[in-house]
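One structure below.
Derivation of every value follows stated rules applied to the coordinates shown; laboratory data play no part. Keep in mind that this is a model prediction, so the values were computed, not measured. Cβ: placed from backbone, ideal geometry, glycine included. Neighbour counts: every protein chain shown.
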Amino acid sequence: MLARSVARTGDAGQVAALPLWLSTRAMVRAHCHARMAGGRDLAEAFLSDAEARLQPPAPMLVAIGGLQGTGKTWLARRLAPRIGAAPGALHLRTDEVRKRLAGVGPEDRLPPEAYAPERSAAVHAELFALAEAALRGGHAVVTDAVFLDPAVRAGVEAVAAGAGVPFRGLWLEARMDVLETRISGRRGDASDATVEVMRRAAAVDPGPMNWHRLDASGDALAAALDSLPLKCDAAAPESW
């Protein structure tokens, strides 16, 4: 929901208000349960939650890269809820940024010229700006892009350094036949990548890779969890 809102509006700064909003909501829930028969335990739980929301864990920036079809978005959507302040890290995806800058919906297809180098440079610049806004607002971020160009990888690392937060880069890899099957089976997704696009990308040398490599043919989520120092305050009393 949060990622979808930012994808549509470009307002990553809204995350700065989340701790106060969630704390206020927990206070209201505590008040309601305190007035109900037998509600004391839940009221106390919500009061504790209200205090915890105002002390969120420090943010971090996770970047997930790899060829089209490696499962970057799949992994990002499963990692984000486990990282940082509630409701989890903000997931930023270049495919969605590109669609918003082009003035179309996330699942609308774009023509090849929308992927010209100058357009892609603008997309990455916007991705970095959104990530920086969220990080400076105290919220963790997971970025999701191909990150094939070493300069783009250096750019996202620089965002973390500029915001003074930890950075983790994950690089997903899988066999070509796996990538081709996944891409061919996509429906209703923000990515416009075809098998041909992926093959052209696979022929490009990504340069020196210092990000943590993960085999995306297997259980990439488990491997990613093992490689990240995760902390999240998203848990809440049962009646949220």
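Charge dipole of the range 58-227 (Cα centre as origin; +1 on each Lys and Arg Cβ, -1 on each Asp and Glu Cβ, all else neutral): 300 debye, rounded to the nearest 20.
If you run the Gaussian network model on the chain, springs between alpha carbon atoms under 10 Å, then out of 111, 206, 56 the most flexible one is 111. Among 190, 129, 151, the largest mean-square fluctuation in a Gaussian network model of the chain (Cα springs under 10 Å) belongs to 151. Close amide H contacts of residue 63 (hydrogens built in the peptide plane, cut-off under 5 Å, sequence separation of 5 or more or a different chain): 143, 168, 169, 170. A cut-off of 5 Å between modelled amide H atoms, ignoring neighbours fewer than 5 places along the same chain, links residue 39 with no other residue. Between the residues 214, 204, 3, the greatest Cα displacement towards the positive end of the dipole of the chain, with unit charges on the Cβ of Lys, Arg, Asp and Glu, is found for 3. Helix-only estimate, please: 222 nm mean residue ellipticity of the chain, summing -39500 (n - 2.57) across DSSP H runs of length 4 or more and dividing by its residues, to the nearest 500. Result for the chain: -14500 deg cm²/dmol, rounded to the nearest 500. Note down the relative contact order for the range 12-53 as a percent, whole number, built from C-alpha pairs under 8 angstrom at least six residues apart. Averaging sequence separation for qualifying contacts and normalising by length gives 45 percent for the range 12-53.
Could you put 212, 91 in order, starting from the residue whose Cβ has the fewest other Cβ atoms within 10 Å?
212, 91
The calculated FRET efficiency for the pair residue 55 and residue 209, based on their C-beta separation and a Förster distance of 25 Å, comes to about 0.10.
Each other residue within a Cβ distance under 15 Å of residue 24 adds +1 if Lys or Arg and -1 if Asp or Glu, for a net charge of +1.
Between 116, 133, 86, the Gaussian network model of the chain with springs among Cα atoms under 10 angstrom shows the greatest mean-square fluctuation at 116.
Structural descriptor for the chain: relative contact order 30 percent, calculated from alpha carbon pairs under 8 angstrom and at least 6 residues apart.
Placing dummy labels 7 Å off each Cα toward the beta-carbon, the span from residue 110 to residue 181 is 3.0 nm.
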